[in-house]
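Notes follow once the structure below has been shown.
Each reported figure results from applying straightforward, stated rules to the coordinates on display, with no laboratory input. Here the structure is a predicted model, which means the values were calculated and not measured. Reconstructed Cβ throughout: ideal geometry from the backbone, glycine too, with neighbour counts over all protein chains shown.
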Amino acid sequence: MTSTLSFVALLVRRLATPGALFLVICVAATSSDARAAWTFSVAAIALIATVRAAAWPDAWLTGEGDWLGTAPVPRTWLMASAWIGAALGTLVLTAAASATIAARSAWDGEVGHTLLEAERIAGPARSIVLMPGESFEQPIGEPAAPASPGRKREVRVRSTVTLGGETPTTIALIEAGGASQRIFVARRTWLAVDLPGAATSVRVTNVGEGALAILGPDPVEVWSSSNAWLGGVVRMWGHASAWLVTLVSLALLLGVVMGPGVAAVLAACVWLGAWMIWSRAAGAPPDWLPGGPAFQRALEATHEQRSPLAPPTVAIAAAAATVMGGAAVGAVLLRHWRDEVRG
Amino acid sequence: MESLAVQASRVGRSFRTGFWMAKKTVALDDVTFDLAPGRTLGLVGPNGSGKSTLLRLLAGVDRPSTGSIHLFGSSTPEETSIKRRLAFLPDGQPFPAELRAIDALHLIASLKGMPRSERRTRVPAMLERVGLGDRARTRLGAFSRGMHRRFGLGQAFLTEPDLILLDEPTAGLDAPGFDVLNGVLQEARGRGATVILASHVASDLVEHCSQLMLLAGGRVLRRGSPDELLGDGQTLELRVRGSSPEAFASLEESLTRAATSAGASVVTARMARRSLLDLYAETAKDEAHR
């Protein structure tokens with residue numbers, strides 16, 4: 001156990017030391033835009049982590065692992081340790097980036113009551129179309145916390161204009177607890193209104209001449225201001241980590257059977273390929289794809305000074321499956337430090 | 001009595017190479033030999049003769065394509081119990097470059113299963129032993145080739161292994177490094193360890209080996225004691241110490257006459273040179289006096 005931990009520590013150190021230094025400098029140099037900071041940081045980490053992970057098996061197979069090969073530790077353990085080291089190193093990097101971004105945000109006064117936290121996500125599972133004069137109503141429940149001065153609470157409904165009406169645009173009326181807002185809808189947009197304390201439901205009425213679509217699943221979101229910025233950073237870290245450990249696992253696995261450069265590029269291509277194939281087949285990349293639409297929504301949320309939602313369970317499951325699959329296949333293939341083909 | 005330390009039977013190792021993996025390269029072909037415990041075997045041969053491949057197979061880093069290897073009886077080199085009794089110094093510099101020497105040695109000791117309490121004393125002591133005590137906190141990436149070799153010797157002799165496999169142990173070693181190598185090998189032989197060394201320069205190994213095995217093209221060509229393999233049976237070496245230059249001149253003249261009357265001839269007669277190690281020691285002493 002001690003030996004495995006030592007090995008993990010070595011791999012974490014390999015990945016984390018140069019990467020963390022690089023990141024701190026990069027993130028500190030970016031603008032105070034949280035979305036830009038996150039995008040830049042995660043892209044930089046992805047590059048470092050993928051290339052490094054792809055290079056490890058190659059180094060072992062070309063002789064660098066000889067000193068490990070004589071250690072009385074099972075090779076499957078060494079492989080598992082290598083993967084854990086790669087994953088932990090990646091997590092260390094993203095944690096360092098998170099801390100830097102959080103510190104930067106706090107410095108810029110972007111946190112505090114201006115940050116919005118999701119209070120409730122609700123609505124039908126499928127999209128519905130409202131023809132002129134039709135309404136849609138959704139209960140939103142009681143406020144999660146009592147009203148206080150300076151505390152903001154808003155409801156928003158995801159919508160778009162669609163075919164079927166007399167005009168290609170329409171007007172939506174959103175009402176909640178006496179507050180209302182008329183919004184012109186010409187494309188996909190959020191219908192939003194500030195919620196008074198007593199509101200328990202939201203109603204959307206199509207008061208224009210075009211057709212209005214309420215886009216499922218769960219098109220109604222209630223947001224309220226919060227001080228809990230750390231939770232948002234942790235959730236963002238979860239999104240980024242799920243994506244990165246997936247890339248690292250793929251790179252580590254591919255690195256067993258090909259050179260590090262090709263393995264790193266191919267790992268990125270496999271992920272991009274999954275994105276493109278599902279986009280073409282289903283109209284949008286799937287929610288379970290780590291680094292997919294859920295991550296995009298989280299990035300958008302940071303741009304709107306909203307706290308991102310947690311990564312979907314399916315995305316975490318997909319990342320875990322890639323990780324375990326990569327580690328298992330890698331362990332089997334690395335039974336020989338130098339297999340016959342690559343000798 | 002314990003069985004043979006090493007028993008290799010018809011061992012072969014081949015690799016597929018080339019872009020289409022269609023070319024078969026034979027690194028070892030039908031190698032059979034055995035070695036009794038406590039003996040020291042030198043593997044000699046030109047570059048590419050299969051010495052390193054054979055050591056890697058014996059160390060369990062690689063597996064033979066054909067044949068079998070048994071260490072200390074019936075065990076294969078891959079067994080964990082055997083790896084605890086085995087030390088390997090691979091060729092090159094395969095150790096983690098970003099770690100300090102002391103950290104890397106701690107990691108290796110940990111992977112070898114050495115308890116923490118033992119590591120705390122043995123790791124610094126071994127670094128001192130191989131002459132890297134003052135470089136313990138230097139990253140391995142900043143080490144010279146000779147220092148890497150010393151570090152490699154340190155990790156190999158960190159435990160008290162029963163079988164020691166050293167690939168080109170003298171490559172890049174300076175004179176004090178040779179002294180370190182001599183010391184650790186002497187110590188290993190003293191406690192009955194079996195040693196296999198490989199070098200493409202036979203003179204590096206002669207002093208240490210009870211037997212030499214000549215490899216070429218992946219096959220064993222000859223095996224025997226250094227005298228059997230390297231002695232020509234026609235040249236006598238005589239070293240004389242402790243006289244004046246005039247006496248040496250007279251002795252040389254007498255010897256030449258004696259050789260001629262015996263039907264032989266003196267090929268070389270010259271004043272012997274000190275070893276580099278002696279020169280270093282003397283220079284260091286002079287520096288200390290200043």
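Can you compute 3J(HN,Hα) from phi for each residue in segment A:308-323, using the Karplus curve 6.51 cos²θ - 1.76 cosθ + 1.60 with θ = phi - 60°, rounded to whole Hz and x for Gly and Pro?
Taking θ as phi minus 60°, the curve returns x, 6, 5, x, x, 4, 5, 5, 5, 5, 5, 4, 5, 5, 4, 4 Hz for segment A:308-323.
Suppose we take every Cα in segment A:121-225 and form the convex hull; what volume per residue is that in Å³? Intermediate values should be presented prior to the final figure.
Details: hull volume 8.8 nm³, N = 105.
Convex hull volume per residue, Cα atoms: 84 Å³.
Is the C-alpha gyration tensor of chain B telling us rounded, prolate or oblate? Criteria: a/c under 1.5 is rounded; beyond that, a/b larger than b/c is prolate, otherwise oblate. Mind dumping the intermediate values first?
Details: a/c = 2.08, a/b = 1.28, b/c = 1.62.
Oblate, because a/c is 1.5 or more while a/b does not exceed b/c.
Work out which chymotrypsin sites (Phe, Trp or Tyr not before Pro) in chain B are exposed loop sites (DSSP not H, G, I, E or B, at most 16 other Cβ within 10 Å) and give the longest gap free of them. Don't jump to the answer; show the numbers that get you there.
Values: sites that count: B:PHE19, B:TRP20.
Here the longest run is B:21-290.
Please list, in chain and number order, the residues 5+ apart from A:ARG306 or on another chain whose amide H is under 5 Å from its amide H, with Hs placed from the backbone.
A:LEU116
Determine the calculated [θ] at 222 nm for chain B from helices alone, applying -39500 (n - 2.57) to every DSSP H run no shorter than 4 residues and normalising by the residue count; nearest 500 deg cm²/dmol. All intermediate terms of the calculation are to be shown ahead of the outcome.
Values: 10 runs with 106 residues, N = 290.
Only helices count here, giving -11000 deg cm²/dmol.
Skipping prolines and chain starts, which residues have an amide H placed within reach, meaning under 5 Å, of the one on A:GLY208, given they are 5 or more residues away or on another chain?
Counting only residues 5 or more places away or on other chains, the set is A:GLY133, A:ILE171.
Using a cut-off of 18 Å between alpha-carbon atoms, which lysines can reach B:LYS112, once sequence neighbours fewer than 8 places away in the same chain are excluded?
Cross-link targets: B:LYS83.
What is the set of long-range amide H partners of A:ALA213 at a cut-off below 5 Å, with H atoms built 1.01 Å from backbone N?
A:LEU130, A:THR160, A:VAL161, A:THR162
List the lysines whose Cα sits under 24 Å from the Cα of B:LYS23, skipping any in the same chain fewer than 8 residues away.
Hits, sequence-local ones excluded: B:LYS51.
Determine the shielding of peptide A:69-79 by partner chains: average, over its residues, the number of Cβ atoms on other chains within 10 angstrom of each Cβ.
On the way: counts 11, 19, 11, 12, 6, 2, 1, 0, 0, 1, 0.
Across the residues of A:69-79, the mean count of other-chain Cβ atoms within 10 Å is 6.
How large is ³J(HN,Hα) for each residue in segment A:75-91, as worked out from phi by the Karplus curve 6.51 cos²θ - 1.76 cosθ + 1.60 (θ = phi - 60°), to whole Hz, x for Gly and Pro?
The phi angles translate into 5, 4, 5, 4, 5, 4, 4, 4, 5, 4, x, 5, 5, 5, x, 4, 5 Hz.
Output the 0 to 90 degree angle, nearest 10, between the alpha-carbon long axis of helix B:245-261 and the longest principal axis computed from the alpha carbons of chain B.
90 degrees
With the dipole of the protein assembly as shown worked out from charges on the C-beta (+1 for Lys and Arg, -1 for Asp and Glu) around the Cα centre, which of A:SER224, B:SER81, B:THR53 lies farthest toward the positive end?
After comparing all options, I get B:SER81.
Can you give me the C-alpha center-to-center distance between segment B:133-162 and segment B:217-248, rounded to a whole angstrom?
If you average the Cα positions of each part, the centres end up 33 Å apart.
Just the number, please: percent antiparallel of the DSSP beta bridges in chain B, rounded to the nearest 5.
Working: 21 of 39 bridges.
The answer is about 55 percent antiparallel.
Over the whole of B:54-63, what's the average partner chain Cβ count within 10 Å per residue? Rounded to a whole number, please.
Numbers: counts 0, 1, 6, 0, 0, 4, 4, 10, 8, 6.
Averaged over the peptide's residues, the number is 4.
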